[in-house]
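Student: Could you have a look at this structure, given as structure tokens, before my questions?
The values are calculated or read from the model by the stated rules, or taken from the named source; none is laboratory data. Remember, it's a predicted structure, so these values are computed and weren't measured experimentally. Glycine also receives a Cβ, built like all others from the backbone with ideal geometry; neighbour counts cover every protein chain displayed. Note: accessible area is taken over every heavy atom of the protein model, side chains too, but ligands, DNA and RNA are not part of it. Shrake-Rupley method; radii C 1.70, N 1.55, O 1.52, S 1.80 Å.
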Amino acid sequence: MTEQQVRDGAPLTRPVTDDSALGRALAAPSLERTHGRSLLLGRAFSVVAVAAAVGLVVVLARNPAMDWPTFAEYLFDERVAAGLRMTLGLTVTVTVASFVLGTVVAAMRLSRMRGVSAIAWAYVSVFRTIPLLVQLLLWFNIGYLFPSIGLTLPFTDLSWSVQTNNLISATTAAFIGLTLHETAYAAEVIRGGILSVERGQHEAAHAIGLTRTRTLFAIVLPSAMRSIIPAGMGLLIGTLKHTAVVSYLAVSDLLYAVQLIYNANYRVIPLLMVAVFWYAVCTTVLSVLQHLLERHFISRYTRGR
Amino acid sequence: MLPVHEPAPTTEPRPILRLRGVQKSFGDVHAVRGVDLDVGRGEVVCIVGPSGSGKSTLLRCVNLIEPPDQGLVEVDGTLIGYEERRGRPRRVSGRRLAHQVARIGMVFQQFNLFATMTALENVAYGPRRVLGLSATEARVRAEELLARVGLADKAASYPRQLSGGQQQRVAIARALAMEPVVLLFDEPTSALDPELVGEVLTVMEEVARTGTTMLVVTHEMSFARRVADRVIFFDDGHVVEHGTPADVLDSPRNPRTRAFLAEVR
């Protein structure tokens with residue numbers, strides 16, 4: 001008996017005997033199998049896809065030009081390690097700086113003061129418009145625009161000035177350019193997070209007498225973390241990889257280090273694979289970190305995952 | 001010496017909450033159309049009326065969540081949103097405004113507990129950061145209040161781990177922790193499952209008995225009848241009728257009040 005019974009014994013449903021779509025579907029003995037067949041097709045496709053991927057990897061790995069002995073020889077090379085340190089150092093400093101500045105820009109963008117909000121909007125628009133590499137080259141060549149930077153105290157003879165080319169080294173240009181670029185994106189990630197927080201949180205904070213600034217930092221931003229962390233970690237991983245463009249300015253990052261080596265010994269592919277390996281290690285570590293952060297800070301006080 | 005004349009009649013104590021000419025529009029919608037209202041110390045006033053009548057907006061004008069377009073709000077002698085400088089009222093904002101508003105408690109329809117804080121932290125945060133209590137004092141006060149709303153055992157729970165009724169009781173404790181001069185309730189039971197309404201109303205009744213001044217927007221007629229000193233029927237941005245619960249709820253004079261009460265009964 002499949003019909004459910006209500007308390008007084010009257011059936012909740014009646015047997016389906018008519019020639020409706022429901023009746024035909026219930027009567028069809030193949031109902032289960034049709035679902036099963038599509039599942040089977042899906043599985044078959046997965047098997048083929050995985051097999052193809054494995055095959056590709058095997059073919060690549062067995063290609064003699066991969067030259068695995070050379071790969072192994074340079075994997076822990078001191079120059080590669082120094083390049084990796086530069087890449088990581090840039091990534092960390094740029095990320096910290098861009099999230100701090102990004103928070104400021106996001107807060108400005110959400111300000112009720114029109115002028116402040118417009119400045120933040122203009123900043124984000126401009127720095128998302130200029131390609132990162134172009135911006136780095138501009139900062140590196142800023143000396144053409146401002147040959148020297150100086151300060152003079154008015155009404156005195158005291159003055160101080162410095163050659164811009166001495167002040168802005170390649171590494172400084174890389175740091176400034178990357179930070180300004182990533183700040184624009186971080187600001188949008190943080191602004192999105194702030195907007196995802198319910199209005200009621202602002203109102204409750206207002207009602208117990210918190211100022212808008214304190215509300216932002218004590219109530220809204222912690223709550224916004226659930227959307228800032230996933231997007232922000234994506235940004236961080238992006239920054240890690242974007243640092244590779246600084247090799248254009250001859251900043252000795254990971255990519256520049258392997259380029260220097262293969263320019264000398266012409267073993268291009270194995271050395272690029274060394275770079276790929278270390279970028280992959282860093283990215284994986286960051287992904288694990290993201291998972292831990294989300295588990296630790298988010299699932300405790302938000303619905304769902 | 002004995003006074004020769006009869007002593008002058010003692011003036012009525014000044015109302016703790018006074019609204020004068022409060023108006024608020026959203027675009028073309030006139031939510032509140034010039035409301036005057038006095039609430040005495042320790043009084044419980046229930047505002048009833050159809051949804052969309054502007055009663056929530058009126059409440060939100062009191063603590064300037066929605067700053068009124070026109071009109072004045074005075075709480076315990078303080079003109080909310082203004083400060084007298086050289087004898088003239090000037091608008092205030094930021095820290096000074098926050099300081100004024102902190103004395104007006106509010107309980108929301110959607111509870112609005114701080115999602116990243118435990119129940120205890122929710123209640124202790126205001127006393128600690130706004131009233132300047134020490135961490136220990138704030139914690140002790142929060143524990144006492146959680147016990148008062150029957151949630152001593154939920155101090156370490158996050159809002160999402162609590163039922164709607166429990167969240168709303170924490171929200172009441174959070175509002176009480178600020179020792180408010182007046183406590184506003186904005187449809188505090190409207191978002192609750194029916195079986196959870198009772199526990200919140202019980203707590204509200206207890207709060208009313210201890211002499212807290214309360215302004216309550218509600219659809220719970222039985223609560224208004226039992227607890228309110230005065231009931232206001234609000235419609236279309238106006239106070240249509242007001243009086244004792246018996247007057248307004250049992251023998252309404254205005255046809256609009258009668259029509260509304262017939263609907264909800």
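Student: Taking 0.36 nm per residue of sequence separation and subtracting the Cα-Cα distance, how much length would be gained by fully extending the chain between A:D19 and A:W160, in nm to one decimal? List each step's numbers first, then the result.
Tutor: Values: separation 141, 0.36 × 141 = 50.76 nm, distance 9.45 nm.
Gain on stretching A:D19 to A:W160: 41.3 nm.
Student: Separate question: For the pair A and B, how large is the buried accessible area, both sides, in square angstrom to the nearest 100, if the probe is 1.4 Å? Spell out each step's value before the answer.
Tutor: Numbers: alone 20000 and 13770 Å², together 31600 Å².
The summed interface area works out to 2200 Å².
Student: OK, next. Considering the Cα positions of the protein assembly as shown, please state its Rg to one decimal place and its Dmax as a whole number of Å.
Tutor: Radius of gyration, then largest Cα-Cα span, for the protein assembly as shown: 33.7, 120 Å.
Student: Moving on. Using protein chains only and a probe of 1.4 angstrom, how many square angstrom of B:S51 are accessible, to the nearest 10?
Tutor: The accessible area of B:S51 comes to roughly 100 Å².
Student: Under 8 Å for C-alpha pairs, at least 6 residues apart: give me the relative contact order for segment A:8-137, rounded to a whole percent. Walk me through the intermediate numbers first.
Tutor: On the way: 20 pairs, mean separation 8.8, N = 130.
The value is 7 percent.
Student: Right, next: Compute the relative contact order of chain A as a whole-number percentage, counting only Cα pairs closer than 8 Å that sit 6 or more residues apart in sequence.
Tutor: 22
Student: Another question, if that's okay. Roughly speaking, what is the stretch gain from A:V134 to A:M66, that is 0.36 nm per residue apart minus the C-alpha to C-alpha distance, in nm to one decimal?
Tutor: Between A:V134 and A:M66, full extension yields an extra 21.2 nm.
Student: From the Cα trace of segment B:136-232, what convex hull volume per residue do you get, rounded to a whole Å³?
Tutor: Hull volume over Cα atoms, normalised by residue count, gives 99 Å³.
Student: Set the Förster radius R0 to 51 Å, insert the Cβ-Cβ distance between B:R88 and B:D247 as r into 1/(1 + (r/R0)^6), and round the FRET efficiency to 0.05. Could you put the intermediate results ahead of the total?
Tutor: Working: r = 41 Å, r/R0 = 0.80.
Efficiency at R0 = 51 Å is approximately 0.80.
Student: I would also like to ask the following. Rounded to the nearest 500, what is the 222 nm mean residue ellipticity of chain B from helices alone, with -39500 (n - 2.57) per DSSP H run of 4+ residues and division by all residues? Mind showing how you got there, number by number?
Tutor: Details: 8 runs with 87 residues, N = 265.
Calculated at 222 nm, the ellipticity per residue is -10000 deg cm²/dmol.
Student: Sticking with this one: With all protein chains present, how much of the accessible area of the protein assembly as shown (probe radius 1.4 Å) comes from carbon and sulfur, to the nearest whole percent?
Tutor: Roughly 59 percent of what the probe reaches on the protein assembly as shown is carbon or sulfur.
Student: Using only the heavy atoms of the protein chains and a 1.4 Å probe, how would A:I142, A:I149 rank by accessible area, largest first? Numbers along the way, then the final one.
Tutor: On the way: A:I142 35, A:I149 70 Å².
Correct descending sequence by accessible area is A:I149, A:I142.
Student: Let me cross-check B:S157: its accessible surface, 1.4 Å probe, with only protein heavy atoms counted, in Å² to the nearest 10?
Tutor: Solvent-accessible area, nearest 10 Å²: 20 Å².
Student: What whole number of Å gives the distance from the Cα centroid of segment A:188-231 to the Cα centroid of segment B:84-102?
Tutor: First find each Cα centre; the distance between them is then 25 Å.
Student: For B:Q161 and B:D69 in one chain, what is 0.36 nm times their gap in residues minus the Cα-Cα distance, to one decimal in nm?
Tutor: Working: separation 92, 0.36 × 92 = 33.12 nm, distance 3.94 nm.
My answer for the length gained is 29.2 nm.
Student: Mind grabbing the accessible area of B:E66 for me, 1.4 Å probe, Å², rounded to tens?
Tutor: Surface accessible to solvent at B:E66 totals approximately 30 Å².
Student: Sticking with this structure for a sec: Under a plain spin-label model, where a point goes 7 Å from the Cα along Cα-to-Cβ, how far apart in nm are B:D153 and A:V268?
Tutor: Inter-label distance under the simple model: 7.2 nm.
Student: How high is the relative contact order of segment B:65-150, in percent, with contacts defined as C-alpha pairs under 8 Å that are six or more residues apart? Don't skip to the answer; put the middle values down first.
Tutor: Working: 45 pairs, mean separation 13.8, N = 86.
The value is 16 percent.
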